[in-house]
Amino acid sequence: MGNMKALSMLLALLVFSMLATEAFARHYQYGNGSLRLYQCPRRCKKRCSKARKTEECKFFCNKCCRTCLCVPPGTFGYKYLCPCYNNWKTKRGGPKCP
């Protein structure tokens, strides 16, 4: 019974986190063209702050931001909020943007 309570608490926390992120994204207007060029370095610095290869991450993030004028919130995930950033692929078909 204790495991069920912990699992339901974890699920509630996950749902709350997703709803809070959606509200945050709507408030700050994410999407292609939502940024100005001068905002890219600061957004990419934050996006790549926890990356294993920080400088490489910032290089590609800035490249993507200059083209898409969008960087997803947080340090990982939420790419669906920036379709251009999300859909840009490498020659091999992998994701171009971190």
- Task: Give region 44-59 a look and list any residue that's part of a helix (DSSP H, G or I) and crowded, with 19+ Cβ neighbours inside 10 Å, or say none.
- Result: C44, R47, C57, K58
- Task: Inspect region 26-43 for any residue being outside any helix (DSSP H, G or I), of a type outside the set (G, A, S) and at pLDDT 90 or above and give the result as yes or no.
- Result: yes
- Item | Flag for N3 being part of a loop (DSSP other than H, G, I, E, B) and either at pLDDT 90 or above or farther than 13 Å from C97 by Cα (or both) | no
- Query: For region 65-86, how many residues are assigned to a helix (DSSP H, G or I) and more than 13 Å from S34 (Cα to Cα)?
  - Reply: 3
- Item | Enumeration of residues in region 67-84 that are within 20 Å of K53 (Cα to Cα) and touching a residue at least 24 places away in the same chain (Cβ under 8 Å) | V71, P72, P73, G74, T75, F76, Y78
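The values are calculated or read from the model by the stated rules, or taken from the named source; none is laboratory data. Since the structure is predicted, the reported quantities are computational estimates derived from the model, not experimental observations. Positions of Cβ are generated from backbone atoms using ideal geometry, with glycine treated the same way; all protein chains shown enter the neighbour counts.
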